[in-house]
Each structure stands twice: as C-alpha cells, then as structure tokens.
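Student: Below you'll find the structure I mean.
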Amino acid sequence: MPRIAQGEKEYFSISELAHLLNATLETSFPRIRFEGEISECTLAKSGHLYMRLKDDTSQLEAVMWRGNAQTLTFKPERGVQVLCEGRPNLYAGSGKLQMVLSSMSPSGEGALQRRFLELKAKLEKEGLFDLSRKRQLPFFPNAIGVVTSASGAVIHDIMVKIKERMPSLPVYLVDVRVQGEGAAHEIAEGIKLLNEHSKVDVMIVGRGGGSLEDLWAFNEEEVVRAIFASRIPVISSVGHESDVSLSDFAADKRAPTPTAAAEMVVPKRSDLVARIEELSGRLSEYSRWFSVFEQHVDILDQRLSSKMEAIFQHAESALKRGEASLKALHPQRILQLSSQRVSALEMQLGSALERVLSSKKNPVAVLAGRLEALNPYKVLKRGYSLVQKDGHVVSNALELKKNDPLHIVFGEGDVRARVE
Amino acid sequence: MAKEKEITIETLLEAKDPAKLLQELPFEQSLHLLETLVAAVERGALPLERSIQSYEKGALIVEHLRETLTKAEARLATLKRGKGGEIVES
C-alpha cells in the first residue's frame, strides 16, 4: 500500500516500488531459456559467479549462485557463447536487474551433442551399426592401410608398433585433414581410395585427441557411410579412450589408441617364427617314419628268412638223400668216398647255415639302426627299391601278374620293368 | 581382401606348381595347412606314398613361411588421387 498520500495521488517508496517490480517479474516471468555471449565474468570470493551477457545490441547482468556455479563442466570466459536458463530478479539494494541462472552450457557443444544423438539414432535405424555385419580382422594382413593426418600421432604410433613387431609389413597412408571444413569428405574419399587400390587387408581410420568440435568430422554421415560401405575391415581410433564417435560404431573394431589399433592387426613376428620352427621340428622327427618303414622291413625280413629257411631245409634233405644213397654202395670204397662227401657236405651245410644265421640278423639290425635316420630316400640308398605299379606302391608280390608294368625307384635313378 | 580358397593337403599334394599355390595363399592358411599336414604325418595316418610327398611339401611350406617372415624393412607408402582420378603411390 502506498505510504504517502499527497492529495488524491498515492506515492510508493522506492523499496516498495522495487519490491512490486520484482514481484511482477517473478509471477509473470517464470524460468526462461536464452543465449548470449559472455562479455564479462567474475568469480567472487563467495563462490558466486557474476557475469555480463550480451548480443549485438543489448546486454544484461547475470549471476549464478555458488551452488550451481560449482557444478559447471566448463570454464566460463569472455567471448564464450552460452545457452542459459534462469529467472529475472531486480535487486532492490542496487536497482540492478539481473538474470539468476540455474544452468549454463557452452552453446556450440550443446548443439553438437544434440546433433550427435540425432545422427546416431538415424544411422542406427538404418542398420549401419549392426553387430552382425562386423567383419573379422585378418590374422596376418598382407598390407595395412591408414587414413589420417601424415603429421599426426596416429600414423606415428602405428609405425612404431610395426617396427617393433613386424617391420616387413607394408603400410599405405592416405594423408587427410582430420578436422575443419572438408575434412569429412577427405576422410571418406581416403577410405574409398584404399578400397579401390585393393592391396590392403585392413585399415585404421582416426585422429588424435581433441574437443567434440575437433573430432566432429568422424561423426559426419559421409564418413560413417564410407566406413560401412568399405569392403576392407576398418578399425577406428578417434580421439582418446573416453571419446566416442559415430565412426566407432560403424567400424568393425574400435581401438582406444592408435597403438592398440596396431596391436590388433600386427602379429608378433617372434610368435609366428616360434610356431613355424616347432612344426618344422616335428616334421623332422622320424620316429614316426620309423614305424612306417619298420613295417616294410618286417615284410622284407620275413621274406628273407623264409627264403633262407627254404635253403637250409633243402640243404638238409640233400644231405640226408646223399647219406642214404651212399649206404647203398660198396662198403669200403663207399665209406671212403662218403666220408669225404659227408665232410664236404657238412662244410657246405655249415657255411650255408652260417650265411643264413648272419644274414638273417644283419639286414634287420643294420636297417633298424640306419632307419633312425631321416629321409625315406636314405632307405633306398641302402639298396632297397620302391616298386610302384600304376602310381601305387607295391608291397605284396601276390598283387602282381605276369607282364605287369612296374616303375622301380632306386637310391639313384629309376627304371621301368615288366614282371616275368 | 585376399581370396579365400579351400585348400586341403590333397590339393597341395596334387598341385602341379605347389610353390605358386603357396604364394597365393594368405599366411594364415599356409600355416594352418602345415599344422594339419604335420599332424597327419605324426599320426602315421598316411600311406607310404603320401608320407613321402607330405614330407616334401611340408618342407616347402616351412621354407615359404620362413621367407615371408624374414623380408626386409618397414615400408610406408603414401597414396593419393592423381589429377586424372588415378591412384598415385609415393
């Protein structure tokens, strides 16, 4: 109510007026969102943030109380464009109108983040991020492609890793701008170039750390579509580990750093060498070969011993026959002759037996010893031959008929023959 | 991307030019082939004829793989699109 009446007119005090104005503002002006540029900014000792916000023709004072000011995720400075939410307040003490801010964020980032989410939703819907389409990375690529800035950290870190693990691996670089106007187009073209060039089995696409704005090219639709369309698997390495870009979603694999990306595709030469040497060693272990040839030696041995057995028996029965027919002749003369012949036959038998006994042992023992060596051809050099008919090895004589054509391989050379 | 071929031990043993075949195979496949081959020889699963051939071909693969791994220095080539749209390597 007006305090002073002067005749019929009523006059409010300044305080009352200020209070009234403030009350009007508060009721008719609820929370409002607005954008402006910070032209002045002071953080008082109290923790409250005092600012001036302007646009081209106007300015307003603004304040953010300590509680809210402490939760700011960026540093407010002169020149920064900000998005704010707040309420007007007329501070009676100074007569100043100020906006009391409940929230403030840098205008650029806010807009970009919204765009990011919109794009993400749109492209996800199209299936560009589908897990099912992600390809396997090659185990040992013939060559690696890289789309990044020639002067950046990405190519540098990758080359370091390659020199360490597999220096012989060729790297093809497409030098592109990684931020700013036109960067997205260059990156997309780089990916297409590598696909056309067609010598790499995998590629790494990315750039070093930066703000959302710096990394923005890797969120552009053009780049995401190029990654999706790439025949060659793509690893993305964009920004730092905590940075997320739409390229990461479209890529076949995402690496937190360029070094990690290189580790995903470059196998360690030392590991591979070890694996090959192990296999080579096993291949040379001929104890397995031994069993194969043992079989064949056994067969040969049997044939040999049955032959010798036959000779022995033949000699024995010849001797017996001789003895019998001797008895039929004149005793004296016959006895003389016969004892000579007996001794002779005895000797023959003896040496035949000797031969049988020693030769029976010999080939087998010798073979057994020699065969712990190596190459199957060494067996052939021992005098054995490999007999083949129609390209197949013959190990059973019963398989053969008269006139069968044979191919016989010796330790040295080979011949063609026919069975008699 | 390198071509994916179905190569078995049989294919390798019967190939007219096994060295050429190996050149065209991706490293991974050659290595896998060698492992299969060595395992088969060890099992004694192969008849004599095959065993001999497998030993020879196995040694061939080992040589090829060793050679691939000991090739020369790191190579960085830069690619760009030339004026006529062709790819220029430097």
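The values are calculated or read from the model by the stated rules, or taken from the named source; none is laboratory data. Source: prediction; values computed, not measured. FYI the Cβ positions are ideal-geometry reconstructions off the backbone, even for glycines, and counts take in every protein chain you see.
Student: Against the definition (modelled with pLDDT under 90 and touching an Asp or Glu at 6+ places or on another chain (Cβ under 7 Å)), how does A:Gln98 come out, yes or no?
Tutor: Working: modelled with pLDDT under 90: no; touching an Asp or Glu at 6+ places or on another chain (Cβ under 7 Å): yes.
No, not satisfied.
Student: Could you say whether any residue in region A:36-53 is touching a Lys or Arg at 6+ places or on another chain (Cβ under 8 Å), in a helix (DSSP H, G or I) and touching a residue at least 40 places away in the same chain (Cβ under 8 Å)?
Tutor: Checking region A:36-53: not a single residue is touching a Lys or Arg at 6+ places or on another chain (Cβ under 8 Å), in a helix (DSSP H, G or I) and touching a residue at least 40 places away in the same chain (Cβ under 8 Å).
Student: State yes or no: is B:Leu60 more than 10 Å from chain A (Cβ to nearest Cβ) and modelled with pLDDT of 80 or more?
Tutor: yes
Student: Being under 21 Å from B:Leu13 (Cα atoms) and in contact with a Pro (Cβ under 9 Å, 6 or more places away or on another chain) is the filter here, so list the residues in region A:393-420 that pass it.
Tutor: Listed by number, the list holds a single entry, A:Val393.
Student: Out of all the residues in region A:145-159, is one or more surrounded by fewer than 18 Cβ atoms within 10 Å (Cβ to Cβ), β-branched (Val, Ile, Thr) and out of contact with any Leu (no Cβ under 9 Å at 6 or more places or on another chain)?
Tutor: No, that holds for no residue.
Student: Continuing with this model, one more query. List the pairs whose first member sits in region A:261-283 and is more than 19 Å from A:Ile162 (Cβ to Cβ), whose second member is of a type in the set (A, V, I, L, M, F, W, C) and modelled with pLDDT under 90, and whose Cβ atoms are under 6 Å apart, counting only residues at least 6 apart or on separate chains?
Tutor: Within 6 Å, the pairs are A:Ile276/B:Leu65; A:Leu279/B:Leu34; A:Leu279/B:Val38; A:Ser280/B:Val62; A:Arg282/B:Val38; A:Leu283/B:Val38.
Residues checked against (1) farther than 27 Å from B:Gly82 by Cβ; (2) facing chain B (nearest Cβ under 8 Å):
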site	(1), (2)
A:Pro167	yes, yes
A:Tyr172	no, yes
A:Val178	no, no
A:Gly182	no, no
A:Ile187	no, no
A:Gly190	no, no
A:Leu193	no, yes
A:Gly206	no, no
A:Phe218	no, no
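Student: So how many residues does region A:42-60 have that are buried (at least 17 other Cβ atoms within 10 Å of the Cβ) and at pLDDT below 95?
Tutor: Residues meeting the conditions: 0.
Student: Under the condition of being outside any loop (DSSP other than H, G, I, E, B), within 22 Å of A:Glu189 (Cβ to Cβ) and over 24 Å from the mean Cα position of the chain (by Cα), which residue from region A:118-163 is nearest to the other protein chains (Cβ to nearest Cβ)?
Tutor: A:Leu123
Student: A:Ile232 fails exactly one of the following numbered conditions: (1) among the hydrophobic types (A, V, I, L, M, F, W, C); (2) within 30 Å of A:Gly108 (Cβ to Cβ); (3) touching a residue at least 40 places away in the same chain (Cβ under 8 Å). What is the number of that condition?
Tutor: If we test A:Ile232 against (1) among the hydrophobic types (A, V, I, L, M, F, W, C); (2) within 30 Å of A:Gly108 (Cβ to Cβ); (3) touching a residue at least 40 places away in the same chain (Cβ under 8 Å), just (2) comes out false.
Student: Is it true that A:Val63 is assigned to a strand (DSSP E or B) and either more than 52 Å from the chain's Cα centre (by Cα) or exposed (fewer than 11 other Cβ atoms within 10 Å of the Cβ) (or both)?
Tutor: yes
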